[in-house]
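The values are calculated or read from the model by the stated rules, or taken from the named source; none is laboratory data. Everything numeric here is computed off the predicted structure, so don't read it as measured data. Here the Cβ is made from the backbone with ideal geometry for all residues, glycine too, and neighbour counts use every protein chain on show.
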Amino acid sequence: MKRKIIRNIIVLATISLGGVIATQIYWVTKAFNLQEKQFNDQVQLALNDVVKNILSINHDTYSISNPVKQISSNYFIAQINDTLHPYLLETLLNQEFEKRNLKTDYEYVIYDCFTDSIVFGNYIPLGSEEKNSLAATSDTMEWNNDGHYFGVYFPKKTSYIVSGMGIWVFSSALILLIISFFSYTIAVILKQKRLSEIKNDFINNMTHELKTPISTISLSSDVLISENLHDHPERLKMYAQIIKEENERLKKQVDRVLQMAMLEKEEIQLQNEKLNIHQLIQRSVNSMEPLIKKADGIISLNLNAKNDFVFGDKVHLTNIIFNLLDNAFKYSINQPNIAITTENKNSDLLIHISDKGIGIPLLHQKNIFEKFYRVPSGDIHNVKGFGLGLNYVKTMIELHNGNIKLKSKEGKGSTFTITLPNINE
């Protein structure tokens, strides 16, 4: 899928979802405000009736205009200026709230009209049955004829209102689910796009890598067929040698791809044994040394580990070291400068392979161990490969219960650190 199409899909989907979210927020807010207004109106009516009932019980003939005032979102004051007993107040509050289906916790406080000090207060959880103990408490208290007023506080007002908005909560949860699904879909699309780019890069590299030996074999075969080389055994041998070498090269390339396929299917069985890592390093260095010397480069060894024994597969561990050395050589600028250092840390053996080459940009370091991944360079094939080497290295190290880390700076070089568990000598 083209980049422009993906970008348009993301932009349009984001705008659409943004519109849906904005609309949802608007209607949820509107619904909440409506529910809150209904709650406040019901509380006002309930407290007005409580005041009327108290005045009636106390045989007071005067009336109070608008006795109930809302002080804050969840706190109401009822000005009554009359004798007020907690048991009576609580009973009336429960009756009026029950009548209006206001089923939530509340707290009431009785104040002295002259001093505004708190005379009594109580918290009433939903379904409370403490009336008998409250009645006994009220009977033992001494009440004078001074005026009182009371306040009612609803600590769980917001959650109570939200609990009555079931359809809105459900629709909001559904929208969140859609957003999550959308985000996941976009992530999958972007991942598939990246994999497609990696696949295309791999195909281009593979085509180039396989085309070269095939072309060489084809040309050499044409020469052998078209020319009479029986009288020129040296030329005959030369072309035969070219065909053999290119055939070996082709075989190695195919084997690498097949080997990664076997790794993916977990068909490779390690032939583990006690190994001396320093010996494996030395053998790999000996193999690379002619190439490094030819390029006027240097390779230094700092084999400082006192215990360099590990339990592993000789062939694969040798391949790991050789692959990293080969990369250090191929990605070096001018004369290669490579260093191999070993050390012991806790119960592990650490192998550092460093170079002063081109380095790896930070953006690509997290993907460098992925199969087929190569730092993008268009169709330029200055360095040959399929993007399989580092994936093979990481996979095999993990099969040996180890790990590999990269430290690199673009233009300054790279250091790969392999950690493997030590065994006793």
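Data overview
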| item | result |
| --- | --- |
| Test: residue in region 47-64 that is at pLDDT 90 or above, closer than 16 Å to Y153 by Cβ and under 53 Å from the mean Cα position of the chain (by Cα) | yes |
| Flag for Q70 being modelled with pLDDT under 90 and in a strand (DSSP E or B) | no |
| One residue from I21, I15, I25, I5 being in a helix (DSSP H, G or I) and in contact with a helix residue (DSSP H, G or I) (Cβ under 8 Å, 6 or more places away or on another chain) | I21 |
| Long-range neighbours under 9 Å by Cβ, at least six apart or interchain, first residue more than 13 Å from D49 (Cα to Cα) within region 59-85, second of a type in the set (K, R) | S73/K157; N74/K156; N74/K157; F76/K69; I77/K69 |
| Checking S300 against (1) crowded, with 19+ Cβ neighbours inside 10 Å; (2) polar (S, T, N, Q); (3) in a strand (DSSP E or B), the condition it does not meet | (1) |
| For A46: the one exception among (1) hydrophobic (A, V, I, L, M, F, W, C); (2) part of a helix (DSSP H, G or I); (3) surrounded by fewer than 16 Cβ atoms within 10 Å (Cβ to Cβ) | (3) |
| Which numbered condition E248 fails, given (1) exposed (fewer than 13 other Cβ atoms within 10 Å of the Cβ); (2) modelled with pLDDT of 90 or more | (2) |
